[in-house]
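Everything on this sheet refers to the single structure shown next.
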Amino acid sequence: MINVTKTFFPPIEVYQKLLERIWQNQWLTNRGELLLELEEKIKKYLNLDNILITNNGTIPLQIALKLLANGGEIITTPFSYVATTSSIMWENCTPIFVDIHPEYLTIDETKIEAAITDKTSAILATHVFGNPCHVEAIYALAQKYNLKVIYDAAHCFGVTYNGKSIFEYGDVSTCSFHATKVFHTGEGGAVFTNDKELQHKIFYSHNFGHNGPLDFHGLGINAKISELQAAMGLSVLPFMEEILNGREKTVGFYNENLNLDKIQTLKLREGTNWNFSYYPIVLESENALLEVMDKLKEKDIFPRRYFYPSLNKLNYVAGPKMPISESIASRILCLPLSAEYKEEDLNIITNIINNVVC
Ligand SMILES: *Cc1c(COP(=O)(O)O)cnc(C)c1O
């Protein structure tokens with residue numbers, strides 16, 4: 001069976017060595033030695049001054065919204081994973097959707113201004129498939145209207161834009177280290193901000209609000225991660241070059257072998273150093289997509305409709321139609337991508353797709 005992705009498993013001896021350290025320390029969570037080491041190594045790897053590793057990529061979105069948006073209207077993209085919208089609703093904020101750019105697939109920055117009201121408190125946008133939003137235009141709007149900017153950068157581990165980590169843009173960026181992501185800790189995530197005061201608030205918010213064992217800075221939640229997951233991160237990180245090279249090869253194979261006259265792929269924003277996180281194709285119609293899926297399924301190959309549905313269509317949100325996002329969501333498929341898939345399997349995939357679209 002070939003799935004949309006295959007989780008990278010480091011050699012088990014590497015993980016076992018780290019487990020031995022955990023047993024020696026007799027320390028399982030609450031920012032243990034392995035977690036601190038992982039934070040230091042990721043800061044070096046990404047060339048960042050700060051990072052807080054968390055239990056997933058969703059809770060930090062909620063913490064950021066809690067601290068920065070305070071129940072207001074949040075301008076957001078309808079084309080993302082459900083966590084982007086559900087976090088807004090969970091924090092009792094109101095999502096105000098703005099349609100996406102048809103090729104970059106990120107929020108259409110030219111349509112944001114018309115959606116701003118006096119209740120708008122923040123913009124929460126997703127760097128879709130590791131492709132950066134138009135961060136300059138969004139920054140300018142945020143300055144003009146005094147809005148906070150939160151980026152869901154779940155897909156962006158290792159992405160740089162104009163020479164800087166993509167996590168450096170916006171007031172806060174969040175990442176996911178879920179097993180399906182390019183770098184993973186099984187479950188996990190991280191949050192970044194360059195604002196020292198906000199860093200402090202995020203830090204205590206992620207640990208129940210604690211200020212020492214008996215005192216509290218304020219409201220908090222539990223977004224801590226255990227040493228077991230930190231050990232997984234420490235085991236995966238040394239293989240990043242191998243992982244990225246393998247993924248780049250697969251992306252290259254698709255680029256060369258798919259009939260790209262008939263298939264839309266992701267248009268990367270100029271200045272992006274990408275991480276080969278997903279290979280989305282946009283087909284001519286939903287019927288073509290369903291036909292491709294059926295034929296791949298016969299060969300035990302399972303791409304994923306990602307993202308589907310367009311988030312303005314969720315049954316717990318209300319709002320106007322988002323024609324571009326709805327159209328893309330109905331026709332987009334993420335193809336199997338990992339460092340480990342073999343060319344003979346990829347060949348089956350590209351042949352099936354090319355035969356449907358010809
Ligand atoms: C994976 C993902 C998340 C959620 O991350 P978790 O670590 O699974 O909580 C949020 N947003 C996007 C765009 C994602 O792809």
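The values are calculated or read from the model by the stated rules, or taken from the named source; none is laboratory data. Just so we're clear, the structure is a prediction, and the values are computed from it rather than from any experiment. Here Cβ is always computed from backbone atoms with ideal geometry, including for glycine, and neighbour counts include all displayed protein chains. For accessibility, only protein heavy atoms count, side chains too; no ligands or nucleic acids. Shrake-Rupley method; radii C 1.70, N 1.55, O 1.52, S 1.80 Å.
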### Task
Could you check, for segment 239-258, whether at least one of its residues is modelled with pLDDT of 95 or more and part of a loop (DSSP other than H, G, I, E, B)?
yes
### Query
Inside segment 335-358, can you point out the residues that are charged (D, E, K, R) and more than 26 Å from the chain's Cα centre (by Cα)?
Glu343, Glu344, Asp345
### Query
Does Asn25 count as more than 16 Å from the ligand (Cβ to nearest atom), under 18 Å from Leu237 (Cα atoms) and either in the same structural domain as Leu228 (by TED's automatic domain parsing) or at pLDDT below 95 (or both)?
no
## Note on the structure
Note on Tyr104: of the conditions (1) within 16 Å of the ligand (Cβ to nearest atom); (2) assigned to a helix (DSSP H, G or I), unmet is (2)
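For segment 83-97, which residues satisfy the criterion of being more than 19 Å from the chain's Cα centre (by Cα) and either closer than 13 Å to Leu311 by Cβ or not polar (S, T, N, Q) (or both)?
Residues of segment 83-97 more than 19 Å from the chain's Cα centre (by Cα): 91-94, 96.
If the condition is that a residue be more than 19 Å from the chain's Cα centre (by Cα) and either closer than 13 Å to Leu311 by Cβ or not polar (S, T, N, Q) (or both), then Glu91, Cys93, Ile96 are the ones that fit.
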## Note on the structure
Over segment 192-201, the set of residues open to solvent by 10 Å² or more (accessible area, probe 1.4 Å) and touching a residue at least 40 places away in the same chain (Cβ under 8 Å) is Asn194, Leu198, Gln199, Lys201
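Checking the conditions here, which among Lys249, Lys262, Lys224, Lys267 is surrounded by fewer than 21 Cβ atoms within 10 Å (Cβ to Cβ) and in contact with a Cys (Cβ under 8 Å, 6 or more places away or on another chain)?
Working: Lys249 fails: in contact with a Cys (Cβ under 8 Å, 6 or more places away or on another chain); Lys224 fails: in contact with a Cys (Cβ under 8 Å, 6 or more places away or on another chain); Lys267 fails: in contact with a Cys (Cβ under 8 Å, 6 or more places away or on another chain).
From the options Lys249, Lys262, Lys224, Lys267, the qualifying one is Lys262.
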### Filter result (of a type outside the set (D, E, K, R) and open to solvent by 100 Å² or more (accessible area, probe 1.4 Å)) within segment 1-13
Met1, Phe9, Ile12
### Selection count where residues are closer than 22 Å to Thr106 by Cα, in contact with a Ser or Thr (Cβ under 8 Å, 6 or more places away or on another chain) and open to solvent by less than 10 Å² (accessible area, probe 1.4 Å), scope segment 329-350
3
### Query
From the residues in segment 147-188 that are part of a strand (DSSP E or B) and either in contact with a Lys or Arg (Cβ under 9 Å, 6 or more places away or on another chain) or not assigned by TED's automatic domain parsing to the domain that holds Pro10 (or both), which one is farthest from the ligand (Cβ to nearest atom)?
Tyr161
### Query
Applying the selection to segment 103-124, what residues are free of Cβ contacts under 8 Å to residues at least 40 places away in the same chain and closer than 18 Å to Asn92 by Cα?
Asp118
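Conditions tested, residue by residue: (1) open to solvent by 60 Å² or more (accessible area, probe 1.4 Å); (2) of a type in the set (Asp, Glu); (3) assigned to a loop (DSSP other than H, G, I, E, B).
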residue	(1), (2), (3)
Tyr15	no, no, no
Glu20	yes, yes, no
Leu28	yes, no, yes
Glu37	no, yes, no
Ile53	no, no, no
Lys66	yes, no, no
Ile75	no, no, no
Ser80	no, no, yes
Ser87	no, no, no
